[in-house]
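Reviewing the structure listed below.
We did not get these values from a lab; they are worked out from the coordinates using the rules stated. Note that the structure is predicted; figures quoted are calculated from it, not measured. Cβ placement follows ideal geometry from the backbone for every residue including glycine, while neighbour counts extend to all protein chains displayed.
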Amino acid sequence: MILTRGLPFPLPVWRIGCKLTNMKVLFIGGTGIISSACSRRALDQGIELYLLNRGQSVRPTPEGARVLRGDARDSRSARAALGDRAFDAVVDWIAFTPDHIEADLDLFRGRTRQLVFISSASAYQTPPASLPVTESTVLDNPFWQYSRNKIACEERLVRAFREEKYPITIVRPSHTYDCTLVPMDGGWTVVDRMRRGQKVIVHGDGTSLWTLTHQRDFARGLVGLLGNSHAIGEAVHITSDESLNWNQIFEIVARAAGTEPRMVHVPSDVLAAYDPGWGAGLLGDKSNSMIFDNRKIKRLVPDFVCSIPYSRGAAEMIAWYDADPGRRKVDEAFNRTCDRILAVWEGVWPK
């Protein structure tokens, strides 16, 4: 069995009742938007959780997690922090390029039964030739370097599995959020504009479909893959079954904020001409309809279900921002970009 060969500890019985016990897991990172919820769920499930990070996150370390101070991108620092520890599963939340993956393969060879790479659903064919997207959809994103790097990471991991039976699992999140993450480019500034009665830009005609997944729902799927022998050598996405178009998303956020959106639709390629960074994320991701077939994650993790609709998630988000004025930071550069685009666009296409 590839899960035990060469490892310095016996295969334990992990599940007792509804809990996972005697299971040791390492998160590289573990305090980000997605990973923080997975950390909490792992601990709730009885997992002995270690976090390897530099301690620089604004989010607190979840109570019960054991922190190993080190830099995962510095081999000497990481090895010093890990010592001689071995893990049933390792999840790298902050690997973005093939050299990160190469370092992981070297660092954890022989000391984990499962190496989980957090990839991205933006690696799928963009725009997709057909919907819904499945795990067999080809990986091809010519618009966004971030996605091409994730594809290269996946290719290296698949080669490691084929050549040396390295126990890898690839997970592809789509747009996963928590209460701190406004889904539109510009973040809180868009909500501020809506509350002030200013116009907001919606890419395209606002009818492309998008999938938003709450971090707590994602965590149920991710933690269910840890120590799951059926997930070895597999790639799987974890997303909600709820799809909304961008007009609906703006309207839901505005309703939660107690206002109405004054939406102006501008083609994504026009936005890219004014702001290449904004455009890369649109053309390489958000401007395309993305609906996912989630049968694979449901088969691998039978209790996986997404129970938080975006209407509730948006209400949580607005409540979080309204609880502290210091959180409601406005990006004046983004405001100026929006105003400049609107002035030109509405000059060409007056309403």
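Once the Kirkwood radius over Cα pairs is known for the stretch 68-127, the Stokes-Einstein relation at 10 °C and 1.306 mPa s delivers a diffusion coefficient of 126 µm²/s. Within the stretch 78-151, the trypsin sites (Lys or Arg not before Pro) that combine a DSSP coil assignment with at most 15 other C-beta atoms in a 10 angstrom radius are Arg85, Arg109.
For the chain, adding -39500 (n - 2.57) for each run of n ≥ 4 DSSP H residues and dividing by the number of residues yields -11000 deg cm²/dmol at 222 nm. Relative to one another, the C-alpha centroids of the stretch 90-141 and the stretch 301-341 are positioned 26 Å apart.
Return the inverse of the average 1/r over all pairs of distinct C-alpha atoms in the chain, which is the Kirkwood hydrodynamic radius, in Å to one decimal. Mean inverse Cα-Cα distance, inverted, gives 21.4 Å. Annotation: the antiparallel percentage among DSSP beta bridges lying fully within the stretch 186-301 is about 40.
For the chain, the Cβ-based charge dipole about the Cα centre amounts to some 780 debye (Lys, Arg positive; Asp, Glu negative; other atoms uncharged). Relative to the compact-globule estimate of 2.2 N^0.38 Å, the Cα radius of gyration of the stretch 167-225 comes out at 1.50. Ordering His100, His265 from the fewest to the most neighbouring beta carbons within 10 Å gives His265, His100. Of the two radii for the stretch 242-351, the radius of gyration is 1.04 times the Kirkwood radius, both from the alpha carbons; that is the Rg over Rh value. Past 30 Å, Cα to Cα, is the threshold; run Lys286/Lys329; Lys165/Lys286; Lys199/Lys296; Lys165/Lys298; Lys150/Lys298 against it and keep the listed order. Where the Cα-Cα span goes over 30 Å, the pairs concerned are Lys165/Lys286; Lys199/Lys296. With both residues required to sit in the chain, DSSP beta bridges show an antiparallel share near 15%. Projecting the Cα atoms of Val270, Ala343, Leu115 onto the charge dipole of the chain, computed from C-beta unit charges around the Cα centre, puts Leu115 farthest toward the positive end. With all pairs of different C-alpha atoms in the average, the Kirkwood value for the hydrodynamic radius of the stretch 123-217 is 16.4 Å.
Scaled against 2.2 N^0.38 Å for its residue count N, the alpha carbon radius of gyration of the stretch 73-192 is 1.23. Listed by Cβ neighbour count within 10 Å, with the fewest neighbours leading, Glu242, Glu155 appear as Glu155, Glu242. In terms of other Cβ atoms within 10 Å, Val58, Val330 run from fewest to most in the order Val58, Val330.
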